[in-house]
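To start, the structure under review is shown below, and the notes come after it.
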Amino acid sequence: MTSRGMLTDEIKSKSKELFGYEINTRELRLIPYIIYVMTNERYINIKKVNAEELTIIHKWMLVGHIYGTLDNLYITKKFWDICNEILYFSYVIEK
């Protein structure tokens with residue numbers, strides 16, 4: 001049985017190692033959208049995110065992972081690498 005996209009103990013531990021805190025399920029599921037946005041549109045479609053997700057994006061802005069505006073988004077290389085590592089362990093690797 002696979003646990004793709006599930007917030008497992010391994011993902012919690014990996015996020016604590018990479019982010020410095022344990023992410024929640026909403027944050028885990030927001031990461032693929034951020035990767036999609038950065039590889040395609042570079043803006044957050046406000047119709048595709050809810051208030052909780054906007055709060056997470058704002059948190060990432062406050063700590064310097066994301067900058068710019070929702071209409072012209074930029075992320076750091078470090079954040080890109082963290083997101084992709086989290087995605088690998090939560091969606092790609094077969095358990």
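Any read-out appearing in this document is the output of simple, stated calculations on the displayed coordinates, not a laboratory observation. Since this is a predicted model, take the numbers as computed values, not measurements. All Cβ positions, glycine included, derive from the backbone under ideal geometry; neighbour counts span all protein chains shown.
Summary of computed values
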| quantity | calculated |
| --- | --- |
| Restricting segment 1-58 to residues that are among the small types (Gly, Ala, Ser) and within 12 Å of the chain's Cα centre (by Cα), the residue that is surrounded by the most Cβ atoms within 10 Å (Cβ to Cβ) | Ser15 |
| Count of segment 34-65 residues which are touching an Asp or Glu at 6+ places or on another chain (Cβ under 7 Å) and over 21 Å from Asn84 (Cβ atoms) | 0 |
| Residue that is nearest to Ile66 (Cα to Cα) [pool: residues in segment 14-34 that are part of a helix (DSSP H, G or I) and in contact (Cβ under 8 Å) with a residue 60 or more places away in the chain] | Phe19 |
| Close pairs (9 angstrom Cβ cut-off, 6 or more residues apart or separate chains): within 16 Å of Thr25 (Cβ to Cβ) in segment 35-60, among the basic types (Lys, Arg) anywhere | Asn50/Arg26; Glu52/Arg26; Glu53/Arg26; Glu53/Arg29; Ile56/Arg26 |
| The lone exception for Leu87 - which of (1) buried (at least 16 other Cβ atoms within 10 Å of the Cβ); (2) of a type outside the set (Ser, Thr, Tyr); (3) in contact with a strand residue (DSSP E or B) (Cβ under 8 Å, 6 or more places away or on another chain) it fails | (3) |
| Residue list for segment 37-95, restricted to those being part of a loop (DSSP other than H, G, I, E, B) and more than 24 Å from Thr8 (Cα to Cα) | Asn40, Glu41, Arg42, Tyr43, Ile44, Asn45, Val63, Gly64, Leu70, Asp71, Thr76 |
